[in-house]
Amino acid sequence: MSYEIIKALHIISVIAWMAGLLYLPRLFVYHADTPLGSVQAETFKVMERRLLKAIMTPAMITSFIFGIWMLVLAPTLLTEIWMIIKIVCVFGLAGCHGLFSRMRRDLENDKLPYSSKVYRIWNEAPTLLMIIIVVMAVVKPDFT
Ligand code: HEM
């Protein structure tokens, strides 16, 4: 497969992954303000589970597969400071994914460890990381 096709599949994957990372904590905000055991709370559980398992996790895996595939085809990219900054931020995103996965499990078990305000704050983290990642990936700033 050509490098450009892999890059296109990479970008499609990261769009799907980012959509979930931006939407899931938003669902947590509303879920946290919904009475436990209500029909609405049970609906949020289904939405959160499907978003994470059917969209976010597969999209994260394919983002890594196509990203690493390009690094294997162009290993010199790993000597670029912008790529290092990008990869550090990507691990930040993967950390958010893991945290959101744990938060989802808590809410599914009717545990409310955080107020909706905390979920609102965590909602901003993937946005900030995405901005840095996309600027690094597209602008490729020369730090030397
Ligand atoms: C999961 C780990 C990731 C790895 C290993 C990775 C690696 C790469 C590599 C090697 C390229 C090609 C660079 C080039 O040839 O110019 C690339 C392109 C790109 N990546 Fe990633 N990436 C990852 C995650 C992400 C994420 C999470 C985002 C967005 C939030 C992202 C956004 C982009 C964009 C927009 C491009 C296209 C840049 C361009 O062609 O101008 N990547 N990535």
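Throughout, read-outs are computed from the coordinates displayed, never taken from laboratory work. Computed from a predicted structure; not experimentally measured. Cβ sites come from the backbone with ideal geometry, for glycine too, and all protein chains shown count toward neighbours.
Conditions tested, residue by residue: (1) hydrophobic (A, V, I, L, M, F, W, C); (2) under 10 Å from the mean Cα position of the chain (by Cα).
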| site | (1), (2) |
| --- | --- |
| 90 | yes, yes |
| 98 | no, yes |
| 103 | yes, no |
| 119 | no, no |
| 122 | yes, no |
| 133 | yes, no |
| 136 | yes, no |
| 140 | no, no |
Checklist entry - Pick from the stretch 24-63 the residues that are within 16 Å of the ligand (Cβ to nearest atom) and surrounded by fewer than 16 Cβ atoms within 10 Å (Cβ to Cβ): which of them is nearest to residue 126 (Cα to Cα)? => result 57
Next on the checklist: So, in the stretch 1-54, how many residues would count as being among the acidic types (Asp, Glu), free of Cβ contacts under 8 Å to residues at least 40 places away in the same chain and touching a His at 6+ places or on another chain (Cβ under 9 Å)?
Outcome noted: 0
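Residues checked against (1) of a type in the set (S, T, N, Q); (2) more than 30 Å from residue 41 (Cα to Cα):
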residue	(1), (2)
64	no, yes
77	no, yes
86	no, yes
98	no, no
103	no, no
133	no, yes
144	yes, yes
Checklist entry - Does residue 77 satisfy the condition of being within 12 Å of the chain's Cα centre (by Cα) and in a helix (DSSP H, G or I)? => result no
Next on the checklist: What pairs come out if I take residues in the stretch 61-90 that are in contact (Cβ under 8 Å) with a residue 60 or more places away in the chain and pair them with residues that are among the polar types (S, T, N, Q) and within 9 Å of the ligand (Cβ to nearest atom) whose C-beta lies under 8 Å away, six or more apart or interchain?
Outcome noted: 66/13
